[in-house]
Ligand SMILES: Nc1ncnc2c1ncn2[C@@H]1O[C@H](COP(=O)(O)OP(=O)(O)OP(=O)(O)O)[C@@H](O)[C@H]1O
């Protein structure tokens, strides 16, 4: 089930839209999390998903990112199924999960370089620039084990600032653990991305995000 300002789309529109979900359903164990989720997002649109703990937000994001097979329905990106390895998704997608996934034994910049496969001096420069944009330049050389939760989160979010031309951002609880300055900076980055024609789907329990977004609330199907 779903609530929110999501309209039903028609077959003839489907191939012109960026991210299209058609009658998505998902079960975990013997529980149905949602059925018949249907929406489409064009370039420049932002969708915020909310819902209670366990309602299926992460499961839905993973389906959108092609990381999990839906039990019913399908998702396409730029007209190709997201599970199709030959589609555009792999080059266009930036997926940031809710766990920061920062290694304790690597410095902040090394963590980012590792995740983003940045190599050599040029890669290090890109990593340092991205960390600076994420407000973490003073901790670029701090080991993961010495970073606070919010700082670890910023390392993960610094991926948004690595110039890679990835048009689809899928972000799981990006605002968790951030102070108000970092929340404002993230909202500004999201707004800039959408103004450049990017598409964003994110989950949040907080009422945080850029202005003029669409919303979807998962309310549980059974
Ligand atoms: N690997 C798994 N095997 C079985 N059930 C799972 C698995 N992972 C998650 N679930 C169940 O699926 C349901 C939805 O989980 P999901 O993480 O998608 O919810 P969520 O809305 O993101 O929750 P939260 O707000 O707590 O992060 C939960 O009831 C959870 O117990």
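Every read-out reported here was derived from the displayed coordinates using simple, explicitly stated rules and does not represent laboratory data. Predicted model only: the values in this text are computed from it and were never measured. Positions of Cβ are generated from backbone atoms using ideal geometry, with glycine treated the same way; all protein chains shown enter the neighbour counts.
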Check your understanding: Could you say whether any residue in region 22-44 is free of Cβ contacts under 8 Å to residues at least 24 places away in the same chain, within 16 Å of the ligand (Cβ to nearest atom) and under 17 Å from the mean Cα position of the chain (by Cα)?
Key -> no
Exercise for review: Could you grab me the full set of residues in region 175-218 that are in contact with a strand residue (DSSP E or B) (Cβ under 8 Å, 6 or more places away or on another chain), surrounded by 14 or more Cβ atoms within 10 Å (Cβ to Cβ) and part of a loop (DSSP other than H, G, I, E, B)?
Suggested key: 198, 204, 209, 210, 213
Check your understanding: Among the residues of region 98-107, is there at least one that is more than 16 Å from the chain's Cα centre (by Cα) and surrounded by 19 or more Cβ atoms within 10 Å (Cβ to Cβ)?
Key -> yes
Practice item. Give the residue, chosen from 142, 119, that is touching a helix residue (DSSP H, G or I) at 6+ places or on another chain (Cβ under 9 Å), surrounded by fewer than 19 Cβ atoms within 10 Å (Cβ to Cβ) and without any contact (Cβ under 8 Å) to a residue 12 or more places away in the chain. Key: 119
Point to revise | Selection from region 33-72 of residues that are out of contact with any strand residue (DSSP E or B) (no Cβ under 7 Å at 6 or more places or on another chain) and buried (at least 20 other Cβ atoms within 10 Å of the Cβ) | key: 66
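Taking into account only those residues within region 124-133 that are free of Cβ contacts under 8 Å to residues at least 24 places away in the same chain and closer than 22 Å to residue 153 by Cβ, which is surrounded by the most Cβ atoms within 10 Å (Cβ to Cβ)?
Step one: of region 124-133, the residues free of Cβ contacts under 8 Å to residues at least 24 places away in the same chain are 124-125, 128, 132.
Then drop every residue that is not closer than 22 Å to residue 153 by Cβ, which leaves 124, 128, 132.
On the way: 124: 16, 128: 20, 132: 14.
This residue is 128.
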Check your understanding: Mind checking which residues of region 174-208 are more than 16 Å from the ligand (Cβ to nearest atom), closer than 24 Å to residue 38 by Cβ and touching a helix residue (DSSP H, G or I) at 6+ places or on another chain (Cβ under 7 Å)?
Key -> 200
Practice item. Run residue 162 past the list (1) in contact with a strand residue (DSSP E or B) (Cβ under 9 Å, 6 or more places away or on another chain); (2) within 16 Å of the ligand (Cβ to nearest atom) and report the number of the one that doesn't hold. Key: (2)
Review point. Which one of these does residue 148 not meet: (1) away from the ligand (no atom under 16 Å from the Cβ); (2) surrounded by 15 or more Cβ atoms within 10 Å (Cβ to Cβ); (3) more than 16 Å from residue 44 (Cα to Cα)?
Key: (2)
Check your understanding: Residues in region 84-94: is at least one in contact with a strand residue (DSSP E or B) (Cβ under 8 Å, 6 or more places away or on another chain), closer than 27 Å to residue 181 by Cα and within 16 Å of the ligand (Cβ to nearest atom)?
Key -> no
